[in-house]
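Below: the structure, in structure tokens.
Coordinate-derived values only; no laboratory data. In this text, all values refer to a predicted model and were calculated from it rather than measured experimentally. Positions of Cβ are backbone-derived with ideal geometry, glycine not excepted, and every protein chain shown enters the neighbour counts.
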């Protein structure tokens, strides 16, 4: 398996002078996902946690509803990429043949190759229930991301997706040059470990687009928190899916765009809540 990082020679221009040096950068590899012998998708991603990616992608795409429906996963290294060969039960294979699409996606493409607008904005699964989280828990969870991002510490060039619970802290974290890939890897890891996603929250180091909401809903997490802003469609999708969407999470607070009822407001020394012109709730530490 290729290493997820690569040492590249470089020339550095700083402070008016030129010098030579080397830098670790993330690897980017073609990843082909095949089912029962037929290619379904080709993505670009980081060659790490490939089994997690294969299973998570299958779940996010709705190809399977459970990791147990994938009979086997073979990771095959080729000269120009990696093939993730999956074999499904015969009933699943028949359903897949009805919707097979051959796509070549750029890095982290979330909905590349979708051939209809309706499919691109398909309703997300509805998430109900779930615990409440204090603002302090949310900020603690986000602060725990950076120390665990091994590849990003070396390269400063990859995204991370993680799952956090009050009882265990960050349970799983996955990285990739593509934000969608990182979330798919997280989904695969959680599914294989039989983690109950309804007990915690998904943490993202990226912006929140509609497909990120769809993938989080498929995971079954009632809350997602991101360091960057969401798109308007992502906010509408999260609202319809029953997901609490918090974003623009910084050391001094975050903003809640949907379902703020899951945010506890009565803890000791609770932060102030302010409603902005857009309707987002600003939580200030």
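Annotations for the structure displayed:
- Calculated SAXS-style log₁₀ I(q)/I(0) at q = 0.21, 0.23, 0.27 Å⁻¹ - segment 10-51, Debye, Cα scatterers: -0.75, -0.82, -0.95
- Peptides 207-220, 32-45, 135-148 ranked from most to least packed by the mean count of surrounding Cβ atoms within 10 Å: 207-220, 32-45, 135-148.
- Cβ crowding within 10 Å averaged over residues, with 60-68, 18-26 ranked highest first: 60-68, 18-26
- Computed from the C-beta positions of residue 228 and residue 90, the FRET efficiency with R₀ = 41 Å rounds to 0.45.
- Taking only the alpha carbons of segment 133-284, we obtain Rg and Dmax values of 14.3, 42 Å in that order.
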